[in-house]
1. Any residue in region 137-158 that is closer than 23 Å to H83 by Cβ and touching a residue at least 40 places away in the same chain (Cβ under 8 Å) sitting within a Cβ distance under 8 Å of a residue that is open to solvent by less than 100 Å² (accessible area, probe 1.4 Å) and in a loop (DSSP other than H, G, I, E, B)? List the pairs, counting only those 6 or more apart or interchain.
2. Checking A798 against (1) open to solvent by 40 Å² or more (accessible area, probe 1.4 Å); (2) small (G, A, S); (3) out of contact with any Ser or Thr (no Cβ under 8 Å at 6 or more places or on another chain), which single condition isn't satisfied?
3. When S344 is evaluated against the numbered criteria (1) open to solvent by 40 Å² or more (accessible area, probe 1.4 Å); (2) more than 20 Å from I382 (Cα to Cα); (3) of a type in the set (G, A, S), which criterion, by number, is the only one it fails?
4. Mind checking which pairs have a first residue in region 545-560 that is assigned to a helix (DSSP H, G or I) and a second that is modelled with pLDDT of 80 or more, Cβ under 6 Å, 6 or more apart or different chains?
5. Taking the conditions exactly as written (in contact with a helix residue (DSSP H, G or I) (Cβ under 7 Å, 6 or more places away or on another chain) and of a type in the set (D, E, K, R)), does E324 satisfy them or not?
6. Given S132, S111, S121, which one is hydroxyl-bearing (S, T, Y) and in contact with a Pro (Cβ under 7 Å, 6 or more places away or on another chain)?
7. Taking only region 764-774 into account, find how many residues are open to solvent by less than 20 Å² (accessible area, probe 1.4 Å) and either touching a strand residue (DSSP E or B) at 6+ places or on another chain (Cβ under 9 Å) or farther than 16 Å from Y713 by Cβ (or both).
Amino acid sequence: MITVGGIGTIIVVLLVVLVLLGNVLPLFRKSQIQLASGTSLKNPNSSTEGSILAFGSDEYSELVWLVRSDQSLDVYSLATGEHLQRATPSKVDQNSKTVRATVARVDDQQSSVLLGLEDGSIRVVLCTVDVSFASKSELDRELAEAIDAKGGLPVLQDQTVYRATSEGLIRKVTFTGAQYIEPIPVHSSAVENIDWVYKSDGSLMASSQRGAWSSSAADELAMGQFERQSGGLGSKPKQSVQIWKTKLDAQSSIRGMMISGLWDSIQSVDQTGRISRWTSDENGTLKREESYKTLTAQLSALSASEPLLGRSTFLLGNQSGQIEAVALTTSETGRELRTIHKLSCSNASIRSIASSPTQRLVAVADMVGGLSILHVTSERLIAKLDSAELKPDEQLRFSKSGRELLLCGESGVRRLELDSEYPEASFESFFKPIWYEGYQQPNYVWQSSTGSSEGEPKFSLIPLVFGTLKATFYSMLIAAPIAILAAIFGSEFLSPSWRGRFKPLIELMASVPSVVLGFIGAMVLAPIMRDSLFWILCSVALTVFLFLFAAHLWILIPSERSIPLRKYRLPLLFLIPPAAILLSGLVSGSIERWIFSSTMQTWLSAPEMSSWPGWFLLMILPSILVVLWLFSSPLSASLDGLSERLGLQGRALWLTILFCVACVCVLFLSCAIAWLLSGLELDSRRGLLGAYQERNALLVGGILGFAIIPLIYTLADDALQSVPQHLRSASLGCGATVWQTTIRVVVPTAMSGLFSALMIGFGRAIGETMVVLMAAGNTPLIDWNPFNGYRTLSATLATELPEAARGSTHYHTLFLAALLLFLFTLVANTLAEWVRMRFRKRAYQL
């Protein structure tokens with residue numbers, strides 16, 4: 001049964017690993033792009049058609065509509081190339097027919113077109129595509145039979161595309177018409193460049209169409225907003241237009257533009273690659289806020305430009321075959337344009353760029369017919385086709401789903417399928433700093449939800465790993481000394497009767513559920529710690545000091561009196577913590593005002609105050625170590641000579657005097673180092689300390705330490721008790737004291753068990769969930785400040801895995817976080833076993 005149980009445990013662990021790997025490996029699967037179909041367009045009357053300026057498609061890629069220079073829209077079936085209908089301006093509007101379009105821009109959702117005309121005006125065209133589903137019984141018998149005969153292929157009838165879906169329904173896609181809005185006069189010469197953003201909201205009774213555009217002519221730049229509202233039966237639509245303009249220098253020649261995501265500014269790029277940012281004012285003019293000389297302007301020349309999803313990043317393609325991403329970032333002086341990404345995708349000049357409407361993917365075509373698919377945020381090449389043989393007149397555009405890339409030219413339309421489910425997933429995006437939009441520099445950021453599809457997902461696991469290690473560090477910093485010293489005291493200094501009462505009491509601490517500990521920490525201890533922070537810290541320091549001071553007072557008692565009083569030593573020890581808390585309550589307020597000139601929380605949040613108090617507190621522990629080293633090694637001979645001259649050599653009074661002198665030296669050394677560091681204008685609040693948050697690492701360290709103390713104590717006590725008694729007897733028989741026997745014989749012999757206890761406690765702290773989830777604040781920050789919060793891997797799994805969309809990048813990234821957590825625990829346990837076996841070999845002869 002033992003054999004079966006061991007083998008079963010190994011199999012279960014391996015199955016867990018396989019499940020984790022099965023959900024992690026798809027993130028790193030290589031992406032592919034391949035030609036799905038190619039269709040020749042059947043033009044019914046090519047003699048009257050103008051050149052193709054832009055094109056769009058429906059959400060299912062059943063229809064494609066071409067925007068031509070004569071302002072017409074030709075609608076085709078993408079599968080067969082059949083011409084379904086043509087939309088032209090109204091016959092009543094005679095003038096618009098004679099004016100040709102020079103440029104056209106289809107909005108990101110492919111539901112409208114903005115035309116730039118030769119006479120300097122612009123024209124909005126609203127496109128409507130009707131999509132509905134029906135069962136076969138609702139269709140004509142002949143049509144249903146034709147659909148069955150075609151299988152999964154489309155059937156055309158009455159300008160409608162019918163296709164059977166996998167759910168057994170029939171999808172009907174119809175281009176119901178194009179609504180031409182009256183031209184809006186903007187410039188005095190032909191429009192050369194435009195950008196267009198459009199949104200439509202509506203209900204059964206009312207609808208609203210809103211759009212923003214930017215346009216440029218020979219010597220003029222304009223930005224405008226368009227709104228059209230219709231509501232009620234029989235009411236006429238209401239239309240409003242607002243335009244801002246500015247004159248351009250004769251040397252300025254705009255080659256591309258981007259409207260911001262908030263529609264409050266535009267960015268223009270000239271032929272050299274220099275970007276200018278413009279904002280509107282109340283006088284109807286555009287004001288240049290800043291001008292930025294890009295890397296394209298410095299090292300090459302502009303050849304293409306395109307806004308990225310969300311319209312916070314402007315993509316520039318240059319003649320060197322590189323893509324440069326420029327975004328508005330934060331800086332010490334405010335906001336400024338900076339290059340945040342640079343991607344190399346070709347050795348030839350970039351011809352055109354297409355941005356995905358669903359992800360931060362771009363398709364880049366070069367002058368030699370090459371095609372590259374890039375993920376901008378991670379600077380990753382997703383797929384590449386060197387032999388795509390793109391024709392010079394072919395335009396690029398992603399489908400509305402973002403899974404297909406359409407290539408449209410006079411000869412036809414080609415559809416490329418992109419197999420890339422997790423383009424934002426890469427080793428760099430998980431473990432290296434990424435420069436995200438709006439950030440001052442590359443950073444590690446975890447932000448799995450953005451609130452909209454245009455947001456930039458951030459999946460850096462470094463903040464979660466750091467938070468896990470931070471939680472473990474502070475909890476072990478508190479729990480390890482207490483548990484190990486308690487185990488040594490209980491095993492070597494307590495009588496068997498007292499130890500029989502003491503050990504079950506500590507082990508009883510493990511019975512408290514972690515969710516209860518987290519609730520107590522978040523709801524009870526956090527407010528107390530917020531209101532009495534320095535009192536608590538002072539109580540801890542005084543408790544340690546009073547324990548040491550009481551030990552020195554005890555050794556001053558003559559042996560003939562201390563031996564009868566030994567049975568009262570443990571009860572007296574339990575009186576020290578309450579005495580320290582009471583004494584701290586009396587003096588902490590005065591000490592706090594003397595050190596900080598205010599409260600500690602105020603000083604932590606006020607960087608203008610002196611940095612000396614922080615360095616003074618942080619230097620106390622290093623000063624203690626320095627003083628101990630000086631007294632035990634370099635100054636030991638001098639101190640022995642002094643004690644001999646004073647006649648105190650070997651006496652307890654001399655040790656007490658040294659203890660008091662050491663405490664004074666620690667205070668003076670801490671003050672001196674603090675004055676030196678503050679004089680160098682170094683501030684501990686810039687990294688080691690910071691603003692106080694109610695749910696912080698110190699709070700969780702105390703609570704989590706309480707949870708792992710019983711585990712470490714029990715294992716450490718068992719390790720100490722397993723040391724053979726004859727070793728203790730031999731040491732005591734040679735004249736060693738109990739303390740010397742413990743430190744030099746018992747502890748080294750039990751070192752393997754003590755280390756294993758620490759590593760098992762380490763693994764317990766790494767995997768803790770509820771305490772961290774309830775009391776740590778759940779802020780994924782990389783900050784050593786003990787008064788700040790954090791987020792761990794386990795807490796992230798508990799909070800986000802139930803809400804993550806199955807199969808998404810977020811979902812699989814959480815499994816990667818689980819795999820990292822598993823590896824941390826595996827490494828900790830493996831290291832503990834390796835050290836235990838090594839120490840066991842050394843102590844085997846004992």
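1. Close Cβ pairs satisfying both conditions: L153/A79; P154/E62; P154/A79; P154/T80; L156/T80; L156/E82.
2. So the condition that A798 fails would be (3).
3. Of the numbered conditions (1) open to solvent by 40 Å² or more (accessible area, probe 1.4 Å); (2) more than 20 Å from I382 (Cα to Cα); (3) of a type in the set (G, A, S), the odd one out for S344 is (2).
4. From region 545-560, the pairs are L546/I576; L546/A580; F547/I576; H552/F659.
5. So E324 fits the description; yes.
6. None of the other options fit; the residue is S121.
7. Total satisfying the criteria: 4.
Results for (1) within 18 Å of M770 (Cα to Cα); (2) open to solvent by 70 Å² or more (accessible area, probe 1.4 Å); (3) part of a loop (DSSP other than H, G, I, E, B), shown as yes or no for each residue.
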| residue | (1), (2), (3) |
| --- | --- |
| I478 | no, no, no |
| I482 | no, yes, no |
| A486 | no, no, no |
| A522 | yes, no, no |
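The values are calculated or read from the model by the stated rules, or taken from the named source; none is laboratory data. As the structure is a prediction and not an experimental result, all values here were calculated from the model. Don't worry about glycine lacking a Cβ; one is built from the backbone with ideal geometry, like all the others, and counts go over all protein chains shown. Remember, those area values only see protein heavy atoms, side chains included, never the ligands or the DNA or RNA. Shrake-Rupley method; radii C 1.70, N 1.55, O 1.52, S 1.80 Å.
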